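Please treat every number below as a calculation from the coordinates, not as lab data. Keep in mind the model is a prediction, meaning the values are calculated, not measured. Here Cβ is always computed from backbone atoms with ideal geometry, including for glycine, and neighbour counts include all displayed protein chains.
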Amino acid sequence: MRLINANKYKIGGKTVTPRKITIAQWRELFDSIHAVPQLLVSVMTAAPEDRAPYFVAAVRDSFDDIVRVTAVLTGIDEEHIEQNASLDELVAFYGAVAKANNFGDLLKNGRGVLALAGLGAVPTDQQET
């Protein structure tokens, strides 16, 4: 892992800080992601014994999206990321971004809102017994 200190990471030799993702950045991220959503669905719906090969194929097929998303989140040029960043650097950075943005709570709360609106299943921790 390329952790410099608790808030700084190296990606392709450049120092970056994981931050909260703004609404403007969310828009840009959604506009820049093409293959990842379908690839994630294919991994999640694959039979358990087939998930590893699906995951490897999904990573391979999503490199363009990963580079674009990293550029949006860091401000680093896509070509520099493509030529200089390593997967371990990106994974460490994305983990820190997930923590900085409370993705676990975001997903949990989003499911709760959908359930209240009648648009999804009630989260397991909110089901009546």
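For the range 50-113, state the average projected area of the convex hull of the C-alpha atoms over all orientations, rounded to one decimal in nm². Show your work: numbers first, answer last.
Values: hull surface 22.5 nm².
Mean projected area of the Cα convex hull: 5.6 nm².
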- Message: Output the 0 to 90 degree angle, nearest 10, between the alpha-carbon long axis of helix 87-100 and the longest principal axis computed from the alpha carbons of the chain.
- Response: 50
- Query: In the range 1-115, if every C-alpha pair distance is counted and binned at 5 Å from zero, what percent goes to each bin?
  - Reply: 2, 11, 17, 21, 22, 16, 8, 3, 0
- Note on the structure: Longest principal axis of the chain (C-alpha) makes with the long axis of helix 51-61 (C-alpha) an angle, in degrees to the nearest 10, of 50
- Item | Hits among lysines - C-alpha to C-alpha of K99 under 18 Å, sequence gap 8 or more where chains match | K8, K10, K20, K108
- Place a label point 7 angstrom from the Cα of N102 along the Cα-to-Cβ direction, then list the residues of the range 15-58 whose backbone nitrogen is under 16 Å away. 19-23
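Shape of the range 1-60 from its Cα gyration tensor (a ≥ b ≥ c, root eigenvalues): rounded if a/c is under 1.5, otherwise prolate when a/b > b/c, or oblate? Don't skip to the answer; put the middle values down first.
Working: a/c = 2.89, a/b = 1.55, b/c = 1.86.
It is oblate, given that a/c is not under 1.5 and a/b is not larger than b/c.
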